[in-house]
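Below: one structure, written as structure tokens.
The values are calculated or read from the model by the stated rules, or taken from the named source; none is laboratory data. Please read these numbers as outputs of a predicted model, since none were measured by experiment. Positions of Cβ are backbone-derived with ideal geometry, glycine not excepted, and every protein chain shown enters the neighbour counts. Quick note on the areas: whole protein, heavy atoms, side chains included, nothing else; ligands and nucleic acids left out. Shrake-Rupley method; radii C 1.70, N 1.55, O 1.52, S 1.80 Å.
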Amino acid sequence: MATIKPQWANAKRIVVKIGTSLLADKKTGALNRAWLAALVDDVAALKAKGKQVILVSSGAIALGRKALELPSGPLKLEDSQAAAAVGQIALAHAYEEAFKAAELVAAQILLTLGDTEQRRRYLNARSTMETLLRAGAVPVVNENDTVATNEIRYGDNDRLAARVASMMSADCLVLLSDVDGFYTSEPGRDAGAQLIREVTEITPEIEAMAGDTGAELSRGGMVTKIEAAKIAMAAGAHMVIASGKADNPLARIGGEAPCSWFLAHTNPRAARKRWIAGALEPRGAVVIDDGAAAALKSGKSLLPAGVSLVEGTFERGDAIVIRDSNGHELGRGLSAYSDRDAQAIIGHKSSEISRLLGYRGRDELIHRDDMALKQGADKDE
Ligand code: GLU
């Protein structure tokens, strides 16, 4: 019995990217339903072990292209966007049916680059997906190809999947494609090409090797996979490139099957805290009372009731500083409310939020997961 890699055995939240070449037949463009059904069995098995799974699926353009009978070869941007508009329906339907057969619920999420990069939307996309995962659904993500323009599109789902893994604090990102891992050079052309089983750092040598291996037919060769690895590793997620060609590809991961692991040096929680503490420019601040400060230090979220003052101009999702009643910085966090809305609800119970604002927002002004306290004050450290 092969030993299972601990990074895989211990992963609680897994993002799986599914390449077009696996889902759609290369010649006919028809959907590979038997393969999809087997993949859904794999997802169901992971879920039965208590893991959460998010899929990032390509295939919309390939399916739509078939339906619209577009010529083969590279498509113009507007043609691929039109194809995606048609194909995404078929793709979503296929997932819905396949998951229904396994008594699971699929949820479609279409993202643009802005959704994962702009703070405000980032918070929304994250909490929607959290809600879906809590409810036991399987989010199926794709790029919103129809509205994304050249400048604001990912264009490849490798990086989109890595951003989703980062946004969702996933422990593992799996890139399933038609190659079984990362090679020193292109296996088809160089008989001496060797599979690299484990990468712990993206060195210039690794990047150079990626430049040589533009193997995959669909967009997203090794260059975008290395870009994805950088995003994932920085976010504390391990990444694995594995072949999805055989049925049940997820069941094979973690054992002896050939694949390439890119191991992160940190974990998603620590990476997210570092991002909140360091990478974001704070737009404002809140001053909190002693009771709230004690609650924060014991690992709780910041409720509006514990806030005595709001400073600065900020939007939902912006980073703000948290100060104690003496003006000392306790930490930073992403505000669930704009400064205007925060002004209206501070000092009040969370149950009053909907009466005060006219909508039901979050109970917390800054959720625990969106907060980084200063060294020594953080229970999570
Ligand atoms: N979003 C594209 C689609 O669904 C795929 C992009 C990619 O292949 O990486 O067809």
>> Can you tell me how the range 37-191 classifies by the Cα gyration tensor, rounded, prolate or oblate, using a/c under 1.5 as the rounded cut?
In response: rounded
> Using alpha carbons only, how many degrees (0 to 90, rounded to 10) separate the axis of helix 119-134 from the longest principal axis of the chain?
Replying inline: 70 degrees
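Given a 1.4 Å probe and every protein chain left where it sits, what share in percent of the accessible area of the range 52-132 is carbon and sulfur?
Values: 2050 of 3920 Å².
Answer for the range 52-132: carbon and sulfur cover 52 percent of the accessible area.
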> Using a probe of 1.4 angstrom, how much of the accessible area of the range 164-282 is carbon and sulfur, in percent?
Replying inline: 50 percent
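Rounded to the nearest 20 debye, what is the charge dipole size of the range 236-355 about its Cα centre when +1 sits on each Lys and Arg Cβ and -1 on each Asp and Glu Cβ?
Working: 15 positive and 13 negative charges, 69 e Å.
So the dipole magnitude of the range 236-355 works out to roughly 340 debye.
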> Computed FRET efficiency, Cβ-Cβ of Ser72 and Ala208, R0 25 Å: what is it to the nearest 0.05?
Replying inline: 0.20
> For a label point 7 angstrom out from the Cα of Ala270 toward its Cβ, which stretches of the range 1-31 have the backbone nitrogen within less than 18 Å?
Replying inline: 6-8, 10-13
>> Checking the cross-link filter: which lysines have an alpha carbon closer than 20 Å to that of Lys47, excluding same-chain neighbours under 8 positions apart?
In response: Lys5, Lys12, Lys17, Lys100
> Averaged per residue, what accessible surface does the range 1-41 expose to a 1.4 Å probe, in Å²?
Replying inline: 50 Å²
> If you put +1 on each Lys and Arg Cβ and -1 on each Asp and Glu Cβ, how big is the dipole of the range 270-317 around its Cα centre, in Debye rounded to 20?
Replying inline: 340 debye
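Pulled fully out, how much extra length does the chain show between Ser298 and Glu97, if you take 0.36 nm times their separation in residues and subtract their Cα-Cα distance?
Working: separation 201, 0.36 × 201 = 72.36 nm, distance 4.49 nm.
Extra length available between Ser298 and Glu97 comes to 67.9 nm.
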> Tilt of helix 157-167 relative to the longest C-alpha principal axis of the chain, in degrees (0 to 90, nearest 10)?
Replying inline: 20 degrees
>> Which order do the peptides 164-174, 348-358, 84-94, 308-318 come out in when sorted by mean C-beta neighbours inside 10 angstrom, highest first?
In response: 164-174, 84-94, 308-318, 348-358
> Which is farthest toward the positive dipole end of the range 18-154 among Ala137, Ala90, Gly50, measuring Cα position about the Cα centre, with Cβ charges +1 (Lys, Arg) and -1 (Asp, Glu)?
Replying inline: Gly50
> How about the range 86-172: which GluC sites (Glu not before Pro) there lie in a loop by DSSP and see at most 15 other Cβ atoms within 10 Å?
Replying inline: Glu103
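On average, how much accessible surface per residue is there in the range 243-381, in Å², for a 1.4 Å probe, leaving out ligands, DNA and RNA?
Details: 6530 Å² over 139 residues.
Here the per-residue accessible area is 47 Å².
First select every other residue whose beta carbon is under 12 angstrom from the beta carbon of Asn326; then total the charges, Lys and Arg +1, Asp and Glu -1. Don't jump to the answer; show the numbers that get you there.
On the way: positive: Arg323; negative: Asp289, Asp290, Asp324, Glu329.
Local charge sum for Asn326: -3.
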>> Just to confirm the number: angle between the C-alpha axis of helix 77-101 and the first principal axis of the chain, 0 to 90 degrees, nearest 10?
In response: 80 degrees
>> Report for the chain the percent antiparallel among DSSP-assigned beta bridges with both residues inside it, nearest 5.
In response: 40 percent
